[in-house]
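The values are calculated or read from the model by the stated rules, or taken from the named source; none is laboratory data. A quick note: this is a predicted structure, and the numbers were derived from the prediction, not measured. Note that we place each Cβ from the backbone using ideal geometry, even for glycine, and neighbour counts take in every protein chain shown. With ligands, DNA and RNA removed, areas are computed over all heavy atoms of the protein, side chains included. Shrake-Rupley method; radii C 1.70, N 1.55, O 1.52, S 1.80 Å.
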Amino acid sequence: MADFNFHAKRPLALRLWHWLNAAVIVALLATVLLRDELVGVREHRAMIQQKLASLGVTVTLDQAKAVARLYLEQLWDWHVDLGLALAGLLLVRLVIAFTAPTGLLAELRRAASAAKLEPSARRFALVKASHVAFFAVLTLIVGTGLVLAYSKSLGIPDPVRHEVGEVHESLMYAILAFIAAHVVGVIRAEKTSEPGLVSEMIHGGEGRGPGTT
């Protein structure tokens, strides 16, 4: 009987990818949250004017508005740079998933073929399918982000850019939902059937299961 648990020896490259990918996604979400805090330029320009006045610097409302816009532009630049980093990480992961003998898709097919006979295979296949869905959504959010970042160079009309932006922002909520489900699932597994998963993703593990590259 095949062993369908989630314990595996995690190569250093995979562990670095996992935590770097997590850090980039968190940083991207942080730029979105900060942008939402500053998006009301009109509301913030008075605050900026008052703050500068308390420091002995006098500016007009228009000058304060320009300062607020500078912050927004800086956040956008950071968001684009982080998005490009995420695109590179995603490309590497997709190549491995499609080509490695123990890659994500290979493991999903193996588990799916045994799912009718083994309950553990059904759970394993379900989790791997959720990972495939995550990478599909991540591909869409990266793709729409690249369109937004280079819309002027590509000559994309503003109405189309607006629609792409709406899709891009909507996909963010799917990513947040997956992150929440992933964290809850790992914590639950740690406390019940499969303790040591987090340690394996940090230290490497000993390879008690099939593993996924």
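Considering segment 1-59, and only residues there that are polar (S, T, N, Q), modelled with pLDDT of 75 or more and surrounded by 16 or more Cβ atoms within 10 Å (Cβ to Cβ), the residue that is farthest from Ile179 (Cα to Cα) turns out to be Thr31. Within the set Arg69, Arg93, the sole residue that is among the charged types (D, E, K, R) and open to solvent by less than 40 Å² (accessible area, probe 1.4 Å) turns out to be Arg93. Just so you know, in segment 146-176 the residues that are open to solvent by less than 60 Å² (accessible area, probe 1.4 Å) and within 12 Å of the chain's Cα centre (by Cα) include one that is farthest from Asp81 (Cα to Cα), and it is Ala174. For Pro101, the criteria (1) open to solvent by 60 Å² or more (accessible area, probe 1.4 Å); (2) at pLDDT 75 or above; (3) not in a helix (DSSP H, G or I) hold in every case but one, which is (2).
For His182, are the conditions met, namely being open to solvent by less than 40 Å² (accessible area, probe 1.4 Å), at pLDDT 80 or above and assigned to a helix (DSSP H, G or I)? Here the answer is no, as His182 does not meet what is asked. For segment 60-85, filtering for residues that are touching a helix residue (DSSP H, G or I) at 6+ places or on another chain (Cβ under 6 Å) and modelled with pLDDT of 85 or more leaves 7. Could you give every pair whose Cβ atoms fall below 7 Å, whose first residue belongs to segment 14-38 and is assigned to a helix (DSSP H, G or I), and whose second residue is modelled with pLDDT under 90 and among the aromatic types (Phe, Trp, Tyr), counting only separations of at least 6 or pairs across chains? Short answer, once both residue conditions are applied: Leu38/Tyr71.
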